[in-house]
1. Taking region 129-152 only, how many residues are within 16 Å of Ala27 (Cβ to Cβ) and within 13 Å of the chain's Cα centre (by Cα)?
2. So which residues in region 58-78 are assigned to a loop (DSSP other than H, G, I, E, B), charged (D, E, K, R) and either at pLDDT 95 or above or over 22 Å from Ile8 (Cα atoms) (or both)?
3. Is it fair to say Thr81 is among the β-branched types (Val, Ile, Thr) and in a loop (DSSP other than H, G, I, E, B)?
4. With Ala90, Ala112 as the choices, which residue is outside any helix (DSSP H, G or I), at pLDDT 95 or above and within 15 Å of the chain's Cα centre (by Cα)?
5. Looking at Glu55, Glu20, Glu28, which one is part of a helix (DSSP H, G or I), free of Cβ contacts under 8 Å to residues at least 24 places away in the same chain, closer than 19 Å to Ile6 by Cβ and of a type in the set (D, E, K, R)?
6. Which is of a type in the set (A, V, I, L, M, F, W, C), in contact (Cβ under 8 Å) with a residue 24 or more places away in the chain and surrounded by 15 or more Cβ atoms within 10 Å (Cβ to Cβ), of Ala143, Ala74, Ala150?
7. Report whether or not Leu86 is surrounded by 16 or more Cβ atoms within 10 Å (Cβ to Cβ), in contact (Cβ under 8 Å) with a residue 24 or more places away in the chain and farther than 20 Å from Leu16 by Cα.
8. Could you look through region 129-158, keep only residues that are outside any helix (DSSP H, G or I) and either β-branched (Val, Ile, Thr) or under 16 Å from Gly118 (Cβ atoms) (or both), and pick out the one that is modelled with the lowest pLDDT?
Amino acid sequence: MITLDIMIEAGDWDRLKDAEALAQKAAEAALAVTYEAKGDFEASVMLTDDARIQELNRTWRAKDKPTNVLSFPAPEQPGVTGPRNLGDIALAYETLVRESEEESKELAHHFAHLMVHGVLHLLGYDHEVEAEAEIMEGLEVKALATLGIADPYRDMAA
């Protein structure tokens, strides 16, 4: 189980109906498809805008541009009782909307995909090398399928 602390900092997130409930479902789906994720977890989610995520991207990744989602994994803390803190996820509203439109995807489906992607990063998955990308994308597809969302990569295989 995962408990999310969701903060809407900026952006027009009210336009995405039930964003908090969808974030919760997507996070649970991501955990469900991983073998490592047994137990209780917590994570913070910041729903923000392009300006704020650009600032975070510049500060933490030296990339001075907005992006769709950023993940900040928390280090494991041996001996700490209670739910394991996985870390923080930040999503940018304008980038989410723009990508949804450009890729002809439902906004809620793209949001769920980015949440799954972010949670998998918090669990240690990455996509910097091809072999790791295939594993992570496979988990994303499995998690999204449990939510009734089609493979977001199917049209990119051309």
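The values are calculated or read from the model by the stated rules, or taken from the named source; none is laboratory data. Since this is a predicted model, take the numbers as computed values, not measurements. Note that each Cβ is placed from the backbone with ideal geometry, even for glycine, and that neighbours are counted across all protein chains shown.
1. Looking only at that region, the number is 5.
2. Lys63, Asp64, Glu76
3. yes
4. Details: Ala112 fails: outside any helix (DSSP H, G or I).
Within the list Ala90, Ala112, the selection yields Ala90.
5. Numbers: Glu55 fails: closer than 19 Å to Ile6 by Cβ; Glu28 fails: free of Cβ contacts under 8 Å to residues at least 24 places away in the same chain.
Only one candidate passes the filter, namely Glu20.
6. Numbers: Ala74 fails: surrounded by 15 or more Cβ atoms within 10 Å (Cβ to Cβ); Ala150 fails: surrounded by 15 or more Cβ atoms within 10 Å (Cβ to Cβ).
One residue alone meets the criteria, Ala143.
7. When the stated conditions are applied, Leu86 passes them.
8. Val129
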